[in-house]
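Everything on this sheet refers to the single structure shown next.
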Amino acid sequence: MKLVMKFGGTSVADAERIRRCAQLVKERLKTDRVVTVVSALDGITEDLLAVAEAAAAANDPVLDAHLAQIRKRHQKAGAELGEPELLRPLQEQLDRLALGISAVGELTPRSRDAVLSFGERMSSLLFRKALELEGVKSKALTGQEAGLVTDETYGEAEPLMELSLYQIAEKLKPALEAGEAPVVAGFIAATQHGVVTTIGRGGSDFTATILGAAIKADEIWIWSDVDGLMSADPKIVPGARLLPRISFAEAVEMGQFGAKSMHPRALEPAAERKIPVRMKNTFKPEGEGTLIAQEGDGAGAVARAILLVKDCGLITVTGAAMIGRPGTAARILQTLAERNINIRMISQSVSEAGLSLAVAGKQLQRARGALESALLRTGVARHVQVDEEVAIVAVVGSNMRGMPGVAARVFAAVAKKNVNVIAIAQGSSEISISFIVKREAGAEAVRALHENLLAGVSE
Amino acid sequence: MRILLVGFGVVGRAVAKLLEERRSELYRNHGLMPSLVGVVDSKGAAESARGLDAAALIEAKEKKGTVAAIADHGFSGADPARIIAGSDAQLVIEATPTVVRSPGPALERLKAAFRTGKHVVCVNKGPLAVAFPALQELSRHNRVEFRFSGAVGGGTPVLSLAQECIRGDEVLSVRAILNGTTNFILWRMDKQGEDFDAALKEAIRLGYAEADPSADVDGVDTATKLVILANGVLGRPCTLSDVSVRGIRGLPRKRIEEARKSGLVVKLIAEVGPDALRVEPQEVPADSPLNVPANLNCLGLKLRTGGDVSLVGRGAGGPETATAILRDVIDIWHSIGSSR
């Protein structure tokens, strides 16, 4: 098999964990060819962000503290792997970069990316060293060196996919054929001019799936500190189960509702080429994890998972003037888009007298302000009501597609617990139903649905 | 329009001559004033902001082996990709010979052109055959034009014809003869009754085949052109490895004689079907438009409404290919607006 194995931040948080992951790679190399992708050590990206901002603000104490923290962790890891000075050159580069940003007194998106890139650059060197200790020959490559090229949207760079796929294949295929096990720094890439970029949402998972697509991998393994995807948050539903196999569509849907799934952007290259993605736990590697593939395991339950998005606010825009007036919804959505407000859910009744939107809790007040000034002043709407204490409950499952009566069961189960449903939305994919309830009723609704829709299915 | 010409072999020199010969007509009909601000060959380069003189360039090349020998403007030792990146040309013509096995250097030159905002006209098939979708993406990302008419069919507008047909109709399938060398060999075997080896020898003698003719004879050249046609015109993303290729090496004379008995001829056909891309010797009716003589090429399209359309013409040649390059230059000139 050709495999891409990606290790997340907690899995590589220190030398001991890095070694454990290197052993997992070595184990696989007995039968397969492996490309490794690594994230930065857990917490380092946040430290780097703090470095970038403290440098721009010329806040020396904070800057030095974070640089010291980064230096200390990596030096310790290097020492435990037998090479204490392994990361000194990179650390010095980082120190100089911070100095430069301080001198200029300005943090541009481009220089922020330059700072952030150090996390993965350092972890990939540590990982390569750990592999060497296991007797495995490998090279550490930055995203750029592996062939990953993006546009110039620093912080959220979009890969030039065709060029990247071509270049990565040219770079990695010969290495694999020669029996090597390349280690590629996740999350980072470069523009066509060679300037470092970070790829934003999806991060190292996205790197892993792009590499997988380029080398036409048989599977992509995403290693983290969770067993896989669960049928619900175990903190809310004690009986929540590990999902052995789900479809790409379900994984995307679950990710939208906050499951520790992969970002849809990261899933896309794998989904398009039907390369299965396996989510596994480095702290329990013998577990099967969750396999995300073309098809989920259809059997049995009506739903696959019940999810809860707690931190939401609901805005309802009402007014008789809205009825029959085309363009109102567009106005509302446009207003919010202009302020970069992410809309989680939309619901409008046929009477057109009101439109409800769920947004992230922390964007609520800004959204309200934007709508009030855009709509109330001009008389387009009468009221903008805000409900701060709501949650979105989502039922996800590809079995629900084409199955009549599911919505009835969902709302009956919820009604039985006296939970009031405030607004409803069903995606046209038919694999999820989401609705809004009062925040304090969220957990109860999830438990009721889990029991009703998922219980009685054998492991 | 400031042009940088990469490659000063048969095609490159023909381009320089053509630009000179057509100078007044290009200005009169298109408002186009091409100026060769740089020329790069395998041994060196020449650059001049005021435009280089075609005759001087050709003389330097023919007498001293490189354009670097030209007085005042010549130099050697520089990396072509860097010359391209640093040039202030608006358009780069990539006219170096195709080396299918190592498209890397040509690809680097195209990347250098794209990332420094230069339009590209390319007749080198190598990068087109292995990385077409990537090149398409890169040219769009940098908002520059990318043309390659001369890569298939030399001066004969094979790609343009296919492009035109697609606009109003649907192409159901394509069968084409895209390699003059192998067509010549098969034609000799049929007309003169020669064996493969004898026909090949004659082709080499007449200059229709290289000393090492394997790219032609093994169908690789045809396959690369098929990939370019499929990608560039038919919207079928693919690379060389997606084509099933069989050449004419060692084709027995018997097969040709058998074919003749049934009123057929054997041709090396490049085919785009609904599910497959292939290059292989196939039997074809003797009265089919595909039965072209000597070293000609033929594009055969089957259209849903229009039926069968074919185009016959020479498939290669320095001056012929130069006309295709000029077509692309003119098209790019018009699409970027004459104000530049």
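The values are calculated or read from the model by the stated rules, or taken from the named source; none is laboratory data. Treat the numbers as computed from the prediction; the structure is a model and nothing was measured. In this analysis, Cβ positions are derived from the backbone assuming ideal geometry, glycine residues included, and neighbour counts consider all displayed protein chains. Heavy atoms of the whole protein, side chains included, go into the accessibility calculation; ligands, DNA and RNA do not. Shrake-Rupley method; radii C 1.70, N 1.55, O 1.52, S 1.80 Å.
Cα centroid separation, the range A:115-184 to the range B:275-340: 42 Å. Cα convex hull of the range A:96-157: how many Å³ per residue? Hull volume normalised by residue count: 87 Å³. In this structure the amide hydrogen of B:Leu277, modeled in the peptide plane, comes within under 5 Å of the amide hydrogens of B:Ser244, none closer than 5 places in sequence on its chain. Can you tell me the FRET efficiency between B:Arg140 and A:Asn418 if r is taken as the Cβ-Cβ distance and R0 is 56 Å, rounded to the nearest 0.05? Calculated transfer efficiency: 0.50. For the range B:224-230, backbone phi angles converted through the Karplus equation (6.51, -1.76, 1.60; θ = phi - 60°) give residue-by-residue couplings of 5, 5, 4, 4, 5, 4, 5 Hz, Gly and Pro being listed as x.
Counting protein heavy atoms only and a 1.4 angstrom probe, how many square angstrom of accessible surface do chains A and B bury in total, to the nearest 100? Walk me through the intermediate numbers first.
Details: alone 20080 and 15180 Å², together 34250 Å².
So the buried area, both faces added, is about 1000 Å².
The P(r) of the range B:148-235 has a tail past 22 Å containing 36 percent of all C-alpha pairs. Applying 0.36 nm per residue to the separation of A:Glu46 and A:Lys72 and subtracting their alpha-carbon distance, the gain on full extension is 7.8 nm.
Here the Karplus curve 6.51 cos²θ - 1.76 cosθ + 1.60, taken at θ = phi - 60°, turns the phi angles of the range A:172-180 into couplings of 8, 4, x, 4, 5, 5, 7, x, 8 Hz, with x standing for Gly and Pro.
Kindly provide the trypsin sites (Lys or Arg not before Pro) of the range A:370-416 that DSSP labels as loop, not H, G, I, E or B, and whose Cβ sees at most 16 other Cβ atoms within 10 Å. Before the final figure, lay out the partial values.
Details: sites: A:Arg377, A:Arg382, A:Arg401, A:Arg409, A:Lys416; in loops: A:Arg377, A:Arg382, A:Arg401.
Listed in order of number, the matching sites are A:Arg377, A:Arg382, A:Arg401.
Calculated accessible area for the protein assembly as shown comes out at 43 Å² per residue, all protein chains present (probe 1.4 Å; ligands, DNA, RNA ignored). Volume of the convex hull of the protein assembly as shown (Cα atoms only), normalised per residue: 236 Å³. For the range B:2-51, the carbon plus sulfur part of the accessible surface works out to 50%, probe radius 1.4 Å. Shielding by partners for peptide A:143-150, expressed as the average number of C-beta atoms from other protein chains within 10 Å of each residue's C-beta, is 1. The H on the amide N of A:Glu219, modeled in the peptide plane, is under 5 Å from the matching H of A:Lys2, A:Val4, each at least 5 residues off or on a different chain.
Residue pairs exceeding 19 angstrom between C-alpha atoms, taken from B:Lys17/B:Lys125; A:Lys6/A:Lys139; A:Lys416/A:Lys438: B:Lys17/B:Lys125. For the pair the range A:20-35 and the range B:14-40, the centres of their Cα atoms are 60 angstrom apart. Estimated from the Cβ-Cβ distance and a Förster radius of 25 angstrom, the FRET efficiency linking B:Tyr27 and B:Asp88 is about 0.75. Cross-link partners of A:Lys76 among lysines, defined as those whose alpha carbon lies under 17 angstrom from its own and excluding same-chain residues fewer than eight positions apart: A:Lys129. In a Debye calculation with equal point scatterers on the alpha-carbon sites of chain B and no solvent, what is log10 I(q)/I(0) at q = 0.10 Å⁻¹? Result of the Debye calculation: -0.60.
Counts of other chain beta carbons within 10 angstrom of each beta carbon in peptide A:158-164 average 5.
Of the GluC sites (Glu not before Pro) in the range A:53-98, which ones lie in a loop per DSSP and count no more than 11 other C-beta atoms within 10 Å?
Those that pass, being in a loop and sparsely packed, are A:Glu85.
For the cross-link pairs A:Lys2/A:Lys30; B:Lys43/B:Lys63; A:Lys173/A:Lys216; B:Lys63/B:Lys201, which exceed 19 Å when the distance is taken from alpha carbon to alpha carbon? Among A:Lys2/A:Lys30; B:Lys43/B:Lys63; A:Lys173/A:Lys216; B:Lys63/B:Lys201, the Cα-Cα distance tops 19 Å for B:Lys63/B:Lys201.
Roughly speaking, to the nearest percent, how much of the range A:327-459's 1.4 Å accessible area is carbon and sulfur? Present the calculation step by step, with values, prior to reporting the outcome.
Values: 3200 of 6770 Å².
Result for the range A:327-459: 47 percent of the exposed heavy-atom area is carbon or sulfur.
Label points 7 Å out from Cα along the Cβ direction at A:Leu176 and B:Arg253: separation in nm? Simple spin-label model gives 4.9 nm for this pair. Only the Cβ atoms of Lys and Arg (+1) and of Asp and Glu (-1) were treated as charged; on that basis the dipole of the protein assembly as shown about its Cα centre amounts to roughly 580 debye.
With all protein chains present and a 1.4 Å probe, how do A:His450, B:His30 order by accessible area, largest first?
Reading off the accessible areas and sorting them downward yields B:His30, A:His450.
Sites listed here are trypsin sites (Lys or Arg not before Pro) in the range A:1-68 whose DSSP assignment is loop and whose Cβ has at most 15 other Cβ atoms within 10 Å: A:Lys30. Counting only protein heavy atoms and a probe of 1.4 Å, the accessible surface of the range A:142-239 is 50% carbon and sulfur. Contact order for chain B, expressed relative to its length and based on alpha carbon pairs under 8 Å spaced 6+ residues apart, stands at 20 percent. What does DSSP give for chain B in terms of the percent of beta bridges that are antiparallel, rounded to the nearest 5? DSSP beta bridges in chain B are roughly 65 percent antiparallel. The phi torsions of the range A:241-252, fed into the Karplus equation with coefficients 6.51, -1.76 and 1.60 and a -60° offset, translate into couplings of 10, 6, 8, x, 7, 9, 8, 4, 4, 5, 4, 5 Hz, rounded to whole numbers, with Gly and Pro shown as x. Kindly work out what percent of the DSSP beta bridges joining two residues of chain A are antiparallel, to the nearest 5. So the antiparallel bridges in chain A amount to around 60 percent. Every helix of 4 or more DSSP H residues in chain B counts as -39500 (n - 2.57), and over all residues that averages to -13000 deg cm²/dmol at 222 nm. With each label modelled as a point 7 angstrom along the Cα→C-beta vector, the A:His193-A:Arg273 pair spans 3.0 nm. For chain B, modelled as a GNM whose springs connect Cα atoms under 10 angstrom apart, the maximal fluctuation among B:Ile177, B:Ile83, B:Ile166 occurs at B:Ile166.
Percent antiparallel among DSSP beta bridges with both residues in the protein assembly as shown, to the nearest 5? Provide the component values of the computation, followed by the final result.
Working: 74 of 117 bridges.
Roughly 65 percent of the beta bridges in the protein assembly as shown run antiparallel, per DSSP.
Once the dipole of chain A is set up with Lys and Arg at +1 and Asp and Glu at -1 on Cβ about the Cα centre, which of A:Phe411, A:Thr282, A:Leu176 lies farthest towards its positive end? The listed residue farthest towards the positive side: A:Phe411.
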